[in-house]
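> Mind looking over this structure? Questions follow.
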Amino acid sequence: MKILSVDPFYLRMPEITTAADGTQDTLVVRIRTDRGIEGWGECDASPLVSLAAYCCPMSHGNIISIRDSLLGETIETPEDVRRLHAKALRNGSDIEQIDHAYAGADIALWDLVGKHLGKPVYRLLGGKTSHPKTPYASVLFGDTPEDTLRIARGLRERGFRAAKFGWGPMGKKDAETDVALVRAAREGLGPEPELMVDAGWAWGRNVEAVLDRARRFAPYRLTWLEEPLFPDALPEYGRLAGQKPAVAIAAGENAATLRQAENYIDQARLSFIQIDAGRIGGITVARKVAERARAAGITYVNHTFKSRLSVAAAFHAFADFEAFKYLEYPSSGSALSEQLAPGAFDRDGEGRVSATEDPGLGVTIRPDCLSKYAAPVKIDVSGQTIFSSVDA
């Protein structure tokens, strides 16, 4: 098969707010071949910045757009997906956004090859059996403990076995407020579901503050405390681990390359490493991190706060790792994220999520959603159009 088109779609809600909600807009990528097979992927990054990496004019041999790297290429096997990943990143090595942007294309190519070969992506990656995961509802803290209590009760009523609350007012006032938020989340969920807290970098490089909060949060039986420090605070994360905090520490969603993820594994000494396939360069790299985490004795968890298309990509990257049981599962996203690929990777009667044996990622994109939320883009340079959005 030959690649005929590489089409990025910029989608957005009518209004964008400052809330830490990555479902308000997105960049979806469609790749089509001369045999009529198409694959879909999604990036978790600034859509227009990423889109530029698909169409920017060549500056020199290290700044060649993703689209120019892929058009006309042969795509038949998993090895072709890996080969094209290496080619596109080499050609775009001086494009700072290249890993984030290429994630969408990489995911689309795995989807496409899976459909071509009639196999789910996790099997293309070498997996023999897909193991069910425990989805944890991923939501924002309410503005107050009372709001958080209401949200948590709603998740319990929906049957979630685990939930993560993050951002919002966490870390912005004082320790008492932080504890009140965590207490409300635990009360609302009840005693049995697992509870995770995402601090959203609240304490910067202050290891002592994190140790204090971990001690205060411990009575509420947290599975982990996520990103309490800045993403680049690797020495501080290492020092934190050395002082054995009362709650396990998770981080890593900001890793944009394999090397950055390895730094988290080697230097931060985390209990859980969280990787976003839509940021780190796609399924190809996410899979490598999962393998590296297993070798290091660290639990791999996906980071996902987009549509079910991204959930599917994240799942396939570690579907066959039985020991890695948690699946971040956005449950309070925008209408855009809910409508893009509905019905895929739903929870079963036991509240767990399993991969299907459908070819590719196992999701279906709704064209009406693409049309409804499309933000058409046209880029002209010196009177020449270098990019113009296509119809879905």
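The values are calculated or read from the model by the stated rules, or taken from the named source; none is laboratory data. The structure presented is a predicted model; accordingly, all values stated were derived computationally and were not measured. Cβ sites come from the backbone with ideal geometry, for glycine too, and all protein chains shown count toward neighbours. SASA here: full protein model, heavy atoms, side chains in, ligands and nucleic acids out. Shrake-Rupley method; radii C 1.70, N 1.55, O 1.52, S 1.80 Å.
> Only one residue in Glu322, Glu338 is open to solvent by 20 Å² or more (accessible area, probe 1.4 Å) and over 17 Å from the mean Cα position of the chain (by Cα), so which one is that?
Going through Glu322, Glu338 in turn, the sole match is Glu322.
> Separate question: For a quick check of your reading of the model, give me the residue pairs whose first member lies in segment 61-89 and is closer than 20 Å to Arg287 by Cα and touching a residue at least 24 places away in the same chain (Cβ under 8 Å), whose second is open to solvent by less than 40 Å² (accessible area, probe 1.4 Å) and among the aromatic types (Phe, Trp, Tyr), with beta-carbon atoms closer than 9 Å and at least 6 apart or on different chains.
As it stands, the answer is Pro78/Trp110; Val81/Trp110; His85/Tyr102; Leu89/Tyr102, since those pairs meet every condition given.
> Open to solvent by 20 Å² or more (accessible area, probe 1.4 Å) and closer than 24 Å to Glu79 by Cα: does that describe Glu291? Step through it out loud before you land on a result.
Working: open to solvent by 20 Å² or more (accessible area, probe 1.4 Å): yes; closer than 24 Å to Glu79 by Cα: yes.
Against the criterion (open to solvent by 20 Å² or more (accessible area, probe 1.4 Å) and closer than 24 Å to Glu79 by Cα), Glu291 qualifies.
> If I ask for residues that are touching a residue at least 60 places away in the same chain (Cβ under 8 Å), more than 21 Å from Ala335 (Cα to Cα) and surrounded by fewer than 24 Cβ atoms within 10 Å (Cβ to Cβ), which ones from segment 22-41 would you list?
Across segment 22-41, the qualifying residues are Thr33, Arg35, Ile37, Glu38.
> Just to be sure I understand, how many residues within segment 155-167 are within 23 Å of the chain's Cα centre (by Cα), free of Cβ contacts under 8 Å to residues at least 40 places away in the same chain and open to solvent by 30 Å² or more (accessible area, probe 1.4 Å)?
Result for segment 155-167: 0.
> Within segment 369-388, track down each residue that is within 14 Å of Arg12 (Cα to Cα) and either open to solvent by 40 Å² or more (accessible area, probe 1.4 Å) or touching a Leu at 6+ places or on another chain (Cβ under 6 Å) (or both).
Across segment 369-388, the qualifying residues are Cys369, Ser371, Lys372, Tyr373, Ala374, Pro376.
> Residues to consider are Thr74, Thr148; find the one that is at pLDDT 95 or above, in contact with a Gly (Cβ under 6 Å, 6 or more places away or on another chain) and of a type in the set (S, T, N, Q). Working first, answer last.
Values: Thr74 fails: in contact with a Gly (Cβ under 6 Å, 6 or more places away or on another chain).
Of Thr74, Thr148, the one residue that is at pLDDT 95 or above, in contact with a Gly (Cβ under 6 Å, 6 or more places away or on another chain) and of a type in the set (S, T, N, Q) is Thr148.
> If you scan segment 129-154, which residues turn out to be over 23 Å from Trp201 (Cβ atoms) and surrounded by fewer than 23 Cβ atoms within 10 Å (Cβ to Cβ)?
Thr129, Ser130, His131, Pro132, Thr134, Glu146, Leu149, Arg150, Arg153, Gly154
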